[in-house]
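Visitor: One structure, as structure tokens, below. Some questions next.
The values are calculated or read from the model by the stated rules, or taken from the named source; none is laboratory data. Computed from a predicted structure; not experimentally measured. Cβ: placed from backbone, ideal geometry, glycine included. Neighbour counts: every protein chain shown.
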């Protein structure tokens, strides 16, 4: 069965033998191996270190909410900055370009006064420690005038400046880390070039507010009627916005090619990271004027419409920023229009990454609902303020009825917003039967990994092994991978698609119509492999 189960790569990813597996349970809930694994997890619950070791080997399916720059550990950025001959500004604790290079070989960075070559950081332990702390949440303690929110979002300005040529290396880093934890699929948020599109947006401009229009930014709907947005789209396309589509596709393709080369994928000595499939989510910066946001969003829809490696789009940057808050409704109306033009492009949105006190009470009341009803979000990133929205129970029911998944980021929500059990809404989502899956958000900045998040979920929310297993399946079920689901009914993991019914789920060699079905569905193929991994894991738990 081509590409469904790669036994060598699975062995690398799991760190255990995959030989001798023959019996697969049609209903995992009733299998003795799952019951044994459930008992092992309950026993391990008493000791977080034992629990972590168990969960590290557990299949985790997909990470659907991961920002590439935030997923990279600070140590990697320091190495890359040294390779790029960058300098470290000692006053601002950030990377700067050099003012020249030495004539001697190998070339060394020549830095402005008050800066030192990034390569010198490895000779200065105190500076090395300071940079890692500044580039991440490590050692951070909230203080008067400086919150976890400030520290988290400020990190990106400190480690920025490293050359984009390293993106392939970063993909290798996250894929290798994922493989070591028995993950198999990543949807990675990454912002490709968009400067030409933004420039066109500013050149064309945004419709002026009429004299009779209300002056409140929150009530300004200028430019958001379908007719106005259609005209703007036509103007941007006529001015050459599509020219940047090829540039962005090349950036994504080059990064994937570099990653494959680094990991020796498709070769006999392929590394474990090759077993992790990667797709991209096109990132759009929301904290800018509407002419830039619309142009970049249009570019994202255009790219995702033609590039199979780009499976959706998302808005990023702090949701509490002035521009993000005041422009929120206008941005949702942009998405409402563009979704009508590009209905096949998937949308996941950061919405409700807010907490009481961070914004006004009014700011907590509508973001998630508008993201779904106007923004056509199929998944909600964070969704922390859901219980502060107008009629939260109705909203939760709508999410459950429409199968809108919540991407849950426990450590990120704690570090940025100070929201953790018992004030985190994860139990509310689960009680309302809203599909949920755990994700890492920015594992490098937070200094975590996916295993940490699952361990935390068990310790803080009392989740059982079958409940974890459902969350893992939910992640792949709500991925934006192409093709039909393996499961007959969405979010019900009891009966498989009729093409694969009547045979062991996740078997080494599917038979009959199932073979063709899996070949034609990237999603079902990954889901089949997940079931295979579950069986291997459970069969090896003592």
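Visitor: I'd like to verify a number: residues in segment 408-435 that are assigned to a strand (DSSP E or B) and surrounded by fewer than 24 Cβ atoms within 10 Å (Cβ to Cβ), how many? Write out each step before concluding.
Guide: Start the filter on segment 408-435 by keeping residues that are assigned to a strand (DSSP E or B), which leaves 408.
Going one step further and asking which of them are surrounded by fewer than 24 Cβ atoms within 10 Å (Cβ to Cβ), we end up with none.
Adding up the residues that qualify gives 0.
Visitor: Then there's this: Looking only at segment 324-376, count every residue that is in contact (Cβ under 8 Å) with a residue 40 or more places away in the chain and in a loop (DSSP other than H, G, I, E, B) and tell me the total.
Guide: 10
Visitor: I would also like to ask the following. Surrounded by fewer than 19 Cβ atoms within 10 Å (Cβ to Cβ), more than 28 Å from residue 114 (Cα to Cα) and without any contact (Cβ under 8 Å) to a residue 40 or more places away in the chain: is that true of residue 193 in this structure? First the steps, then the outcome.
Guide: On the way: surrounded by fewer than 19 Cβ atoms within 10 Å (Cβ to Cβ): yes; more than 28 Å from residue 114 (Cα to Cα): yes; without any contact (Cβ under 8 Å) to a residue 40 or more places away in the chain: no.
The answer is no for residue 193.
Visitor: Any residue that is outside the structural domain of residue 37 (by TED's automatic domain parsing), under 19 Å from residue 315 (Cα atoms), in contact with a helix residue (DSSP H, G or I) (Cβ under 9 Å, 6 or more places away or on another chain) and in contact (Cβ under 8 Å) with a residue 60 or more places away in the chain - is there at least one of those in segment 417-431?
Guide: If we filter segment 417-431 for residues that are outside the structural domain of residue 37 (by TED's automatic domain parsing), which is where we start, we get 417-431.
Then keep just the ones that are under 19 Å from residue 315 (Cα atoms); that gives 417.
Cutting the leftovers down to in contact with a helix residue (DSSP H, G or I) (Cβ under 9 Å, 6 or more places away or on another chain) gives us 417.
In the following step, the residues that additionally are in contact (Cβ under 8 Å) with a residue 60 or more places away in the chain were identified as 417.
There is at least one residue in segment 417-431 that is outside the structural domain of residue 37 (by TED's automatic domain parsing), under 19 Å from residue 315 (Cα atoms), in contact with a helix residue (DSSP H, G or I) (Cβ under 9 Å, 6 or more places away or on another chain) and in contact (Cβ under 8 Å) with a residue 60 or more places away in the chain.
Results for (1) assigned to a helix (DSSP H, G or I); (2) over 29 Å from residue 450 (Cα atoms); (3) modelled with pLDDT of 95 or more, shown as yes or no for each residue.
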| site | (1), (2), (3) |
| --- | --- |
| 161 | no, no, no |
| 168 | yes, no, yes |
| 175 | yes, no, yes |
| 197 | yes, yes, yes |
| 206 | no, yes, yes |
| 213 | no, yes, no |
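Visitor: Given (1) surrounded by 21 or more Cβ atoms within 10 Å (Cβ to Cβ); (2) touching a residue at least 60 places away in the same chain (Cβ under 8 Å), identify the lone condition not met by residue 313.
Guide: Result: residue 313 passes all but (2).
Visitor: Strands (runs of 3 or more DSSP E) wholly in segment 42-149 with at least 1 residues that are surrounded by 14 or more Cβ atoms within 10 Å (Cβ to Cβ) and without any contact (Cβ under 8 Å) to a residue 60 or more places away in the chain - which ones?
Guide: Details: elements: 61-67, 87-89, 94-96, 115-117.
It comes to 87-89, 115-117.
Visitor: Out of segment 495-521, which residues are touching a residue at least 60 places away in the same chain (Cβ under 8 Å) and either surrounded by 21 or more Cβ atoms within 10 Å (Cβ to Cβ) or part of a loop (DSSP other than H, G, I, E, B) (or both)?
Guide: Our first condition is that a residue be touching a residue at least 60 places away in the same chain (Cβ under 8 Å); within segment 495-521, this holds for 504-510, 515, 518-519.
Hits for segment 495-521 are 504, 505, 506, 507, 508, 509, 510, 518.
Visitor: Pick out the one residue from 524, 499, 507 that is at negative phi and within 23 Å of the chain's Cα centre (by Cα).
Guide: 524
Visitor: A follow-up question, please. With the requirement that a residue be in contact with a strand residue (DSSP E or B) (Cβ under 8 Å, 6 or more places away or on another chain) and either surrounded by fewer than 22 Cβ atoms within 10 Å (Cβ to Cβ) or under 15 Å from residue 413 (Cβ atoms) (or both), what does segment 437-453 give you?
Guide: Of the residues in segment 437-453, the ones in contact with a strand residue (DSSP E or B) (Cβ under 8 Å, 6 or more places away or on another chain) are 437-443, 450, 453.
Scanning segment 437-453 gives 437, 438, 439, 440, 441, 442, 443, 453.
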